[in-house]
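Each remark here refers to the structure printed beneath this line.
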Amino acid sequence: AQSVTQLDSQVPVFEEAPVELRCNYSSSVSVYLFWYVQYPNQGLQLLLKYLSGSTLVKGINGFEAEFNKSQTSFHLRKPSVHISDTAEYFCAVSGVQSSGSRLTFGEGTQLTVNP
Amino acid sequence: DTGVSQNPRHKITKRGQNVTFRCDPISEHNRLYWYRQTLGQGPEFLTYFQNEAQLEKSRLLSDRFSAERPKGSFSTLEIQRTEQGDSAMYLCASSYGTGVSTEAFFGQGTRLTVV
């Protein structure tokens, strides 16, 4: 079984500032890692995913994340945020051997970008 | 391709009533998932289909819940004798392929309110 902990429930930042959303996971098996974004009244959209290979993963909208196996972390970063990045962000994990790409999500981090 | 479609978007029902939600996945996607998301939480896995076969069910899916995907295309999720604790956003997702790493595309969800 896997679990995900998102360390900050809310992150307020000013526009054009850098941001880091923190995610730690727990698993007894190898995992795939994902970040999803959810805008108000919308479904979830995949930002990026780590499957294997390079530990630095680049996604859409200028986001990137780094997989750190020793620290069991997968933090999401953006060097300069925009107002439009205001949304809920979810970190998720899937066991490599699990059936059907079942995802286990964290509780989410609300990113609010202020002018 | 219009993405994953869920209907209705909102449903208000009285406690004890039965409700049914529909999900139309992206065409040719062989996998379909149902998740439940309560306020302030991340989505929680409910069940998963590969084609018409229901391959996995979460312990969250009590006997009052039933899901079907009769022809391997659209799916329905029925909740019998609704309770106030069933109030949540019900998310459907679909993906294509057999590998664990395939990307899941989410619909906008059905928000259920039990009064």
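The values are calculated or read from the model by the stated rules, or taken from the named source; none is laboratory data. Keep in mind it's a predicted model, so treat the numbers as computed, not measured. Note that we place each Cβ from the backbone using ideal geometry, even for glycine, and neighbour counts take in every protein chain shown. Each accessible area value is taken on the protein alone, full model and side chains, heavy atoms only, with ligands, DNA and RNA left out. Shrake-Rupley method; radii C 1.70, N 1.55, O 1.52, S 1.80 Å.
Worth pointing out:
- B:P70 passes every criterion in (1) within 14 Å of chain A (Cβ to nearest Cβ); (2) over 23 Å from B:R111 (Cβ atoms); (3) exposed (fewer than 14 other Cβ atoms within 10 Å of the Cβ) apart from (1).
- Index of the failed condition, A:S80 passing every other in (1) closer than 28 Å to B:S58 by Cα; (2) loosely packed, with under 13 Cβ neighbours inside 10 Å; (3) in contact with an Asp or Glu (Cβ under 6 Å, 6 or more places away or on another chain): (1)
- Any chance A:V57 is open to solvent by less than 50 Å² (accessible area, probe 1.4 Å), over 22 Å from B:W34 (Cα atoms) and part of a loop (DSSP other than H, G, I, E, B): no
- Residues of the range B:103-115 that turn out to be surrounded by fewer than 16 Cβ atoms within 10 Å (Cβ to Cβ), over 16 Å from B:R9 (Cα atoms) and of a type outside the set (A, V, I, L, M), as a count: 1
- Residues of the range B:4-61 satisfying the condition of being crowded, with 18+ Cβ neighbours inside 10 Å and either at positive phi or β-branched (V, I, T) (or both): B:V4, B:V19, B:T47
Conditions tested, residue by residue: (1) open to solvent by less than 80 Å² (accessible area, probe 1.4 Å); (2) in a loop (DSSP other than H, G, I, E, B); (3) closer than 30 Å to B:T110 by Cα.
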residue: A:D8; (1), (2), (3): yes, yes, yes
residue: A:E16; (1), (2), (3): no, yes, no
residue: A:Y25; (1), (2), (3): yes, no, yes
residue: A:F34; (1), (2), (3): yes, no, yes
residue: A:V37; (1), (2), (3): yes, no, yes
residue: A:N41; (1), (2), (3): no, yes, yes
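- Restricting the range B:1-15 to residues that are of a type in the set (S, T, N, Q) and within 14 Å of chain A (Cβ to nearest Cβ), the residue that is farthest from B:S75 (Cα to Cα): B:T2
- Of all residues in the range B:91-110, those satisfying the criterion of being at the interface with chain A (Cβ under 7 Å from one of its Cβ atoms) and of a type in the set (A, V, I, L, M, F, W, C) are B:L91, B:V100, B:A104, B:F106.
- Residue within the range B:75-90 that is within 14 Å of chain A (Cβ to nearest Cβ) and open to solvent by 20 Å² or more (accessible area, probe 1.4 Å) present: no
- Some residue of the range A:34-50 being farther than 19 Å from A:T86 by Cα and either touching a Pro at 6+ places or on another chain (Cβ under 7 Å) or aliphatic (A, V, I, L, M) (or both): no
- 2 or more residues facing chain A (nearest Cβ under 8 Å) and in contact (Cβ under 8 Å) with a residue 12 or more places away in the chain: qualifying strands (runs of 3 or more DSSP E) within the range B:16-65: B:31-37, B:44-50
- Inter-residue pairs, beta-carbon under 8 Å, first at the interface with chain B (Cβ under 7 Å from one of its Cβ atoms) and closer than 14 Å to A:D8 by Cα and in the range A:87-98, second at pLDDT 90 or above and not in a strand (DSSP E or B), 6+ apart: A:F90/A:G106; A:F90/A:G108; A:F90/B:G42; A:F90/B:P43
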